[in-house]
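Only one structure is covered here, and it is reproduced in the block below.
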Amino acid sequence: MKKILMIAVLLVSASAVFGQAATTKQNGPVITWDKNAHDFGNIVQGDVVEHTFKFTNTGTEPLIITNVQVSCGCTTPKGWPRDPVMPGGSGELTVAFNSTGKMGAQTKPVIIISNAVNDTKLTFNTVVLDKKPQ
């Protein structure tokens, strides 16, 4: 009788643990990017290039982006939604890079400050080639 009772307790405990793991979902806003990196390829010194990153709020609460931080003045965040992005909603963030004064391989981070429960960092890279004399 004790064996049957012990087996029953173990089965109930195991099913509760596995059931909880299967149904655990992160609450709050979750920002999911279509892609979180972009390669501009080779560009010529002085070129200004832009890329638009697209995202969806796959979380359970409205997503609010409060700021976008870049590592230098050569990178400019040009726009992102100022209003809350509801669960299931989507948005875009455009980033421009000015290659004036830059040479060689460049990798730049873009940090999104928001109420998302997940960390968000975008990156882009390029190779800046010497401008040919005219």
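No value in this document is a laboratory result; all are computed from the given coordinates. None of the values given here were measured: they were computed from a predicted structure. A quick note on method: Cβ atoms are made from the backbone with ideal geometry, for glycine too, and the neighbour counts reach across all protein chains shown.
Think of each Lys and Arg Cβ as +1 and each Asp and Glu Cβ as -1; about the Cα centre, that makes the dipole of region 31-129 roughly 180 debye. Fully extending the segment from residue 37 to residue 132 would add 31.3 nm, taking 0.36 nm per residue of separation and subtracting the current Cα-Cα distance.
Other residues with beta-carbon under 13 Å from the beta-carbon of residue 106 carry, at +1 per Lys or Arg and -1 per Asp or Glu, a net charge of 0.
3J(HN,Hα) along region 125-130: 9, 7, 10, 8, 9, 4 Hz, from the Karplus curve 6.51 cos²θ - 1.76 cosθ + 1.60 with θ = phi - 60°, whole Hz, x for Gly and Pro. Quick check: from the Cα gyration tensor, does region 31-129 come out rounded (a/c under 1.5), prolate or oblate? It comes out prolate by the Cα gyration axes.
Measuring r between the beta carbons of residue 86 and residue 111 and using R0 = 22 Å, the FRET efficiency lands at 0.40. From the residues 38, 99, 65, which one has its Cα farthest along the dipole of region 31-129 in the positive direction, the dipole being from +1 and -1 charges on Cβ of Lys/Arg and Asp/Glu about the Cα centre? Toward the positive end, the furthest listed residue is 99.
In plain terms, the residue of 61, 92 with the fewest other Cβ atoms within 10 Å comes first and the most crowded comes last, giving 92, 61.
Pairs of lysines in region 31-129 whose Cα atoms sit within less than 17 Å of one another amount to 8, provided the residues are eight or more positions apart or on different chains.
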